[in-house]
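In what follows, a structure is listed as structure tokens, so that the remarks can point back to it.
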Amino acid sequence: MTSLYSITGGKLAPATRSTLVKESLIEDWVASDPSLLGLDALIIGRQVRTDHGKFIDLMAMDAEGSLIIVELKRDFTSREIVAQVLDYASWARTLTTPEIYSLAGKYLKTELATAFREKFGERIPEQLNGTHSMLIVASELDAASRRIVEYLSEEYGIAINTIFFNVFEADGKQWLTTDFLLDQEEVIERSEHKIRMPWSGYYFVNAGLGDHRSWTDMKRYGFISAGGGEFYTKRLNQLAVGDKIFVYDKGNGYIGFGIVTIEAQLASDFMTPTGPLFEQPLAEPRIKRIGEPSDHAEYVVGVEWRKTVEPTAAKWFKGAFANQNIVCKLRDRETVDFLIAEFKVSEI
């Protein structure tokens with residue numbers, strides 16, 4: 001159970017639990033900012049009418065084009081809510097890509113492709129609704145419902161979770177806290193394992209060469225980079241020290257294999273073996289030399305390169321995996337096997 005305390009004069013004062021006057025407040029907040037629920041998603045519908053005459057509180061879409069069904073309840077929630085959200089999902093899974101465009105256009109008042117690019121900074125996938133997930137938002141959930149949600153997720157890999165919100169009040173102010181019933185990353189990982197090829201253990205990284213990025217600099221000083229706003233740079237945060245990456249140059253193919261040595265940071269803070277990156281003689285001096293977080297700053301991830309080639313000698317075959325994302329997990333086994341052989345990677 002979540003508790004909240006204020007600190008005054010070195011002493012703790014507990015805040016008392018409160019309630020929201022209207023359930024629609026949570027819906028309003030999530031509709032305007034789905035990150036409140038930890039979602040990196042675009043809201044594409046509100047009070048969406050199903051073919052069964054029911055209404056889904058919120059429908060969202062993630063960067064992969066998958067749908068997210070969000071059902072909100074202000075008070076203690078019984079197990080009927082689980083059946084309800086499963087019923088919604090049984091309808092949502094049948095939605096075709098044209099139907100989703102139509103549904104979203106009515107809510108967004110603009111083209112879905114435009115809103116998607118503004119939200120995620122990339123092109124919308126050609127095919128939508130490859131997968132879907134469900135999220136129940138409530139202040140409480142009865143024991144039977146908890147067991148059902150846990151069972152569906154942990155035993156069958158169904159992408160369902162519950163997020164609890166709690167309202168506290170003290171000194172005339174209110175606070176809202178949120179907590180997941182299950183680890184959301186594990187929920188998604190289990191569901192993806194049911195419908196996607198397993199992750200190979202390697203990451204795909206888009207080099208983004210051109211404009212103000214040089215492969216020569218990346219190789220010489222040991223890094224890959226991204227910029228142009230959070231939609232791009234936040235993808236670098238997926239990479240941790242020790243991760244194995246294959247780097248792709250759009251229009252050519254794969255040009256390098258390496259191991260991550262330093263996690264994402266501002267390019268202005270990145271240290272090469274001979275000093276700060278911006279103090280080195282760079283092949284591309286137009287790299288964004290901004291020393292504080294901003295949409296215009298360049299971010300880098302340190303890499304120990306094991307093998308690289310020039311873009312003119314990039315490794316490629318027809319049908320190999322490629323993606324517009326800066327970073328994503330490589331799952332296509334044919335592509336992985338090809339790259340392991342071409343870059344002479346030891347999987348030991």
Along segment 93-110, Karplus-curve 3J(HN,Hα) (6.51, -1.76, 1.60; θ = phi - 60°) to the nearest Hz, with x for Gly and Pro, reads 5, 8, 5, 8, 4, x, 5, 5, 4, 5, 4, 5, x, 5, 7, 6, 6, 7
Stretched fully, the stretch from Ala143 through Asp40 gains (0.36 nm per residue minus C-alpha distance, one decimal, in nm) 34.2 nm
The rounded separation in angstrom of the Cα centers of segment 81-112 and segment 143-190 is 22
Percent antiparallel among DSSP beta bridges confined to the chain, rounded to 5, stands at 75
Given 254-264, 35-45, the highest-first ranking by average Cβ count within 10 Å works out to 254-264, 35-45
Between the Cα axis of helix 333-342 and the main Cα principal axis of the chain, the angle (0 to 90°, nearest 10) is 20
For segment 11-195, percent of DSSP beta bridges that are antiparallel (nearest 5) comes out at 60
What helix-only [θ] at 222 nm does the chain give? Using -39500 (n - 2.57) per DSSP H run of at least 4, over all residues, to the nearest 500, the answer is -7500 deg cm²/dmol
Restricting to Cα pairs under 8 Å and 6 or more apart, the percent relative contact order of the chain works out to 14
For the chain, longest principal axis from Cα atoms; helix 80-92 axis from its Cα atoms; angle between them, nearest 10 degrees, is 50
Rounded to the nearest 10, the angle in degrees between the Cα long axis of helix 143-156 and the longest principal axis of the Cα atoms of the chain comes to 30
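A short reminder: the numbers here are calculations on the coordinates, not readings from a lab. Values in this document were obtained by computation on a predicted structure and should not be read as measured data. Ideal geometry is used to build each Cβ from the backbone, glycine not excepted, and the neighbour counts take in all protein chains shown.
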